[in-house]
Amino acid sequence: MTAKHFFNLATAGFAILAAGLWFLSAKVNSGNKFAGAKGPIGMREEAEKLNALGAAYNLQSTFNALAASAAGASALCQTVVVFLDW
């Protein structure tokens with residue numbers, strides 16, 4: 001296997017990983033945590049809903065960051081392939 005083949009396979013692998021991570025990010029269920037909220041937001045139940053919503057957004061942000069990193073790695077591998085052809 002040549003270096004060009006290796007980096008082409010790495011490009012594809014990172015691209016598939018990025019797509020999978022973005023799919024997982026889209027699957028994070030933040031839900032409508034405040035549907036039917038009663039009383040002031042400072043109440044214990046509402047605070048727990050707000051914490052759950054924040055945790056869901058943190059998880060989604062983590063998946064997005066990992067997906068962007070994988071997409072960047074894919075682009076770098078493809079750049080190496082271009083320079084190997086040069």
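Throughout, read-outs are computed from the coordinates displayed, never taken from laboratory work. Computed from a prediction, not measured in an experiment: that's the story for all the values here. No Cβ is skipped: glycine too gets one built from the backbone with ideal geometry, and neighbour counts run over all protein chains shown.
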If R0 = 25 Å, then L53 and A19, at their Cβ-Cβ distance, give a FRET efficiency to the nearest 0.05 of 0.45
Using the Karplus equation 6.51 cos²θ - 1.76 cosθ + 1.60 (θ = phi - 60°), what ³J(HN,Hα) coupling, rounded to whole Hz, does each residue of the range 60-73 give in order, writing x for Gly and Pro? 4, 5, 4, 4, 5, 5, 5, 5, 5, 5, 5, 5, x, 5
